[in-house]
1. So if a site counts as exposed when it's one of the GluC sites (Glu not before Pro), its DSSP state isn't H, G, I, E or B, and it has at most 12 other Cβ atoms within 10 Å, what's the longest stretch of chain A without one?
2. Just grab the label-to-label distance for B:CYS122 and B:GLN13, each label 7 Å out from Cα along the Cβ direction, in nm (one decimal).
3. Using the crude model of +1 on Lys and Arg Cβ and -1 on Asp and Glu Cβ, and no other charge, please compute the dipole size for segment A:236-289 relative to its Cα centre, in debye to 20.
4. Using a Förster distance of 41 angstrom, determine the FRET efficiency expected from the C-beta separation of A:VAL84 and A:LYS432, and round it to 0.05.
5. Return a single number: how many Lys pairs in chain B, at a sequence separation of 8 or more or on separate chains, have alpha-carbon atoms below 20 angstrom apart.
6. Within segment A:346-371, which residues have the backbone N less than 17 Å from the label spot 7 Å out from A:ASN583 along Cα→beta-carbon, could you tell me?
7. Tell me, in nm to one decimal, what length is gained between A:ASP521 and A:ASP467 on full extension, where the rule is 0.36 nm per residue of separation less the Cα-Cα distance?
8. May I ask you to compute the full-extension gain from A:ASP730 to A:ASP901, defined as 0.36 nm times their residue separation minus their alpha-carbon distance, rounded to one decimal in nm?
Amino acid sequence: MASAKLGKKVLAVLLAALMLTTSSATVFAEIAEDILGGSVSEDIGAGSDNETGEEGEQSSNKGTSYSDVKAEYEANGYKPGSSVITVFGENSDGVFTDGSVVGVGESAVIIEDFTDEKEVTKKALIWDYTEKGDASTNKNLGYTFTFTVAESGLYTIRMGYCSIAAANAEITRNILIDGKLPFNEATGVPLFKNYVEQGEVTQTNVGANYRGDDIRPSIVESFTWMSQSVYDAEYLEMYPLQFYLEEGEHTLTLEFLSQPAIFSSIEFVPAKTAITYKDYASANAAAGYKNGTGSFVIEGEDCFARNSSGVRREFNTDPSCSDYSFSSKVLNTIGGDNWNEGGETATWKATVTEAGLYRIGMRFEQSWNEGLSSYRQLTINGEIPFAEAAAINFDYKNGIQDITVGANDVDGGYLFYLEPGDEISLTVVMGKFSSVITELEDIVDTIMNLYSDIRVITGANPDSNYDYGLERYIKDLKTQLMGIRNRLLAVNDELLAISPKRPGMVSNFKSIADDFKKWHDDTLLIPGAMGTLTGNATNITTWVTEIKNQRLEIDVLYIAPTEAEFNKKEAGFFDGLISFFVNLWMSFMKDYNNVDVTSGSVDNIDVWVGRGIEYCEILREQIKRDFTPETGIGVSVNIIPGGQLSANGTNVLMLSYISGNAPDLVLAGGGNDAIEFAIRDAVYPIENFENFDEIASRFYPALFDGCTYEGHVYALPETMNFLVMYYRTDIFDRLGLYVPSTWDELFGDIIPILYENDMQFWYTGGYDLILYQNGGSFYRGDYDQDGKYHENMRTGLDTQTAYDAFVQYTDMYNEHGLQVMINFYNQFRYGDVPIGIADFATYMQFLIAAPEIAGKWDIAPIPQTKFEDGTVSSATTGIGGNYCFIMNNVTNGKYTEEEFDKKSKSIWSFMEWWTRADVQAYYASEVEAVIGRDARWLSANIEAFKNSAWEGDHLNVIIDSQEQAIVTPNVLGGYYTGRHLTNAFNRTVVSRTYRPRDSLIMAVKEINKELWTKREEYKTGIPDDAYTLS
Amino acid sequence: MANTASLTLEQIQKIGRRDRVKRTTVRYMFVIPALFLFFLFTILPLAIGTFYSLTDYNMIQDWTWAGLRNYKTLFLDDDLFLIALQNTLVYAICTGPTGFLMAFGFAWIITNLKAKKFFTLCFYTPTLASGVMMSTIWMFFFANDNKGLFNFYLLKWGIITEPVLWTQNVATIMPVIIFISLMMSMGNSFLVFLAGLQNIPKDYYEAAQIDGVKNKFQEMAYITWPQMKPQLLFGAVNAIVGAFGVYDIAVTVGGNPSPENAALTWIGHLMDYAFTRFQMGYASAISFLLAVTTFTLGRICMRVFREKD
């Protein structure tokens, strides 16, 4: 810190001198102001630190890292504590202590008996935040416990807990000791949940002569008492986090981060140091353990406990896998793509018949991350038997391979002492990658700090031909560049050293290092290479994410006293060949599109789904287990490519309808498609079905505006979306900005400062948002020539409100200088566009594909329009998603009236079932578990929507936005509205050939003309003043 | 053959007739499959289209008779059609002859080069890719943000100060479409030209040299061009039909709908009516007019390039 201050002072003096000596003093005064007032005071300070040496890697704004703390423990010679300290819950003597727990903030302390799914009751702290109204303060809420340490020493924390919310996310908490964060890694420590398989593996019905493909049983959360030691969030450490506690009274604070949970116990356990295998072996010998007898095979997929839904059965089509079938897909392995994140554990029961020493072997596939290994920690009954088992590496190889644990270290492999019924677990850890990951993440930080230093001097769009004199302002620029280069090369070497094969990604580190060398040699190149500079940081982050992605698929575990006794299945060359041809043959025989036909006793309905195969399989499973037994209605689920269900262009749905083969129900259609078909009598209205009102109340009423036409409702919403404002908390803090709640605040206070700093605001709300906030609408009703009133008969853009809104909208670009085109995702990460409005897709991108800004961004409501009289309009848009609708198969002759009457009741009961909260919530969690976190299912059912694992207070912001949303009605000829508004926008903003009013009036004319032409075509009445084409 | 002389003239004529009938029958048999397909996939759709152009039809409900109303609207009351027509004509005039001449020019240059096959492959390969694919690749060059290749370098060299919105600015959309089309105009006509050029007997050139032809350009004017008439006809018809059928590239570059209809083409207008508005009758009228236009232009080409013996 001292050197940071020094650096700042030196800089100030330097700048002052410059100011005196140059004629353009004002320019430099500005720069100096920027630098001294803003980020550089910190960032350049951090840079100066780096100059001093290796340990300067930690920039000043970061806390202490665990590795530093550990080094300190070692230096001070701290020893493990001697006895367990119970902070909360029952101790070993059965005495309950509440740790004098105090709620932080408004958290109420509720300690009562809680019974889990297995009917085990424990006295516990109820930490239930799902119902918390004002979530904005949630982050700092928590509980503080007081406890006494009898003997100074190192302790780890073990917690007993039970999850209570079925969301596919870990329970995370921050740990503070005596009100302080002991090290960075104590934030967001995960407590895993317990997942179990529900049901059996079943098969699809593909035809009488063939065995079907296996269907995965669903994985559900089991709400049972769990006990787990506290690790760091990414399992970079192979052992539980150690805390040094002095003798005396201390407090422990747990802060809420995500997921409610019930805590039954919190204990400090003396830290254990793992013994080496040598000691383990000699201890076993001393205890007189002998080699066991027998050879045992445990199928990987028979794992009996898992703490993540990602640990699930997988298909492997390599003939050397167990349970291989030539003709169909068999769930013969476990893990794969989704068993990849630190901490995820699979547990098997050892089937040995007598206690003794055994070797453990595995058949597995690890063909991910070219050249890099995957690591797993092997524990027996939850304990690491010896240090070598803390991280076992599974080498990269294309295809199936075998491993005998420890064979590369000890001749014949490690001997484990196993008793019948012992639990063998494999947990994802980062192994030898830990140091690489930490180092790379730190390098990215250094690069980004350097970038923001340079950016202060050059601006966001520097002139590559101008000499900014970077070296004058950033004294140690060359040192920093060289430092980054050397560190990258070191990482490169380390990766090469720990990988048995040359990993695919190492050459990239080298080429990035070369970039830094180039910039070091000629700093004049830097202004022209700002994109490459940030791009390099992004690339490194991507590779870090890749490295952390520790995938592994296990086919079989072998247990036998010697390697030779492993009961291995061998597959030769011809098996592979046969497999290839059988698969080829089967590709002609199988109907891959029809996921399944479940025959019902009452009726069968045909459903087309415009989603991927995984979505359909999950749906089919749910139907089979839940819907068909309940109603007796069979459902045939067919996969149709999404585009084939729209009312645009020739597509399967339209053609099938004309030819009388249309499905009964379409899932994943658009509201617009429903209306387009409905106008032509091809979709059946649903508002007269039984309980329609009750079912409609499951959704936001606004969603029905998108699928209602002339008083008839034609579809039920399936999914929805949202529009919120994203901002970078770190940049806002640095620039001293507040989150604007109105447009006036945004354009008055925020944007000028952004522009001063060469930053931008990104707007995607379109004209809709502004129009709705001004109280306008796209269409309005009118009387037709017969005096009958029709909704949405003419465009609503010919009003003063619409005009005002259009001026406001175009002014954002013409007056306030917003940019029409920005790559928001990238620019937001670089900090060039620290604030913007965008939808759910962007949300997921930031959440999953932007790890470098994790925790540095937040969402806020969309700015509101404040009127002169002080009233505020906070209307939003952008919630429309997919719909499901019933095809009217009477008009095309597929069914008679009576048949359809009966059929439609079945279809409606399916729609009712499908949109239920519990069905949707279950589907959402399954989709997320099977496809991945990025496939979050935004159910249109409000209750189910709330059930997803939203971060902190995000859910409240999102729901606020959704509640106020207005949906634009779909009308006959409505496509003209969007079209001509785009044209009007182009005329006013892009080519600037027309003033807003003229531009909008041109659009109004065209839109009305089209609306009325269409209405006339379909004989739905036109207004008096309509002029028509013919 | 010995008794031929003994046959009367009448007998000989009879045999000849029989032979001719036999021969022509065989010929017709050979033609029938092609004719059948031609009828099924060209004549019949044209006839059906012509019929529907006289109706109102939305593909789902039954058609109703409309008489000549669609044509009346098309000719008198469709402002957009005029824009589409204008765009298509501009496109056709720019790409048709230019593409044609480029294909011919490159074919001629390549036949005079050593590594013929290599260059042929180089020039022909891009046309194997679809229009959508090609324009997607070109979109990287014309991307609207400052990362687009052209924008990037124009910015870097200081020629422009802010990115050009290539595919959003009304003024640049059509030129971009024309540019991309020209870049991929080395299609079938190019191959036909190449074949034609290689088929011209060397003797002609040698004879011409003796007669006093001095350079390649004279060879071109007096031998190559006249000898290439059939191939040139094919190329010209191809170019015209291709130019009037522009759609894929226009949509990929300009979007659908394009800003202020700057990339609206004849086919685009047709597709819009057919598959966005489901006015099949009207769309049929547009397509009928397109068929008539291309047919007429084809006839004109045939007249221009007809071999005059």
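1. With a cap of 12 other Cβ atoms within 10 Å, the longest stretch comes to A:355-569.
2. Placing both labels 7 Å along Cα→Cβ, they lie 6.5 nm apart.
3. Rounded to the nearest 20 debye, it is 380 debye.
4. 0.80
5. Lysine pairs satisfying the spacing and distance rule in chain B number 12.
6. Taking a point 7 Å out along Cα→Cβ of A:ASN583, the residues of segment A:346-371 whose backbone N falls under 17 Å are A:365-368.
7. On the way: separation 54, 0.36 × 54 = 19.44 nm, distance 1.48 nm.
Length gained between A:ASP521 and A:ASP467: 18.0 nm.
8. Result: 55.6 nm gained on full extension.
Every read-out reported here was derived from the displayed coordinates using simple, explicitly stated rules and does not represent laboratory data. Everything numeric in this text was worked out from a predicted model, so none of it was measured. With ideal geometry, Cβ positions are generated from the backbone for all residues, glycine too; neighbour counts draw on all protein chains shown.
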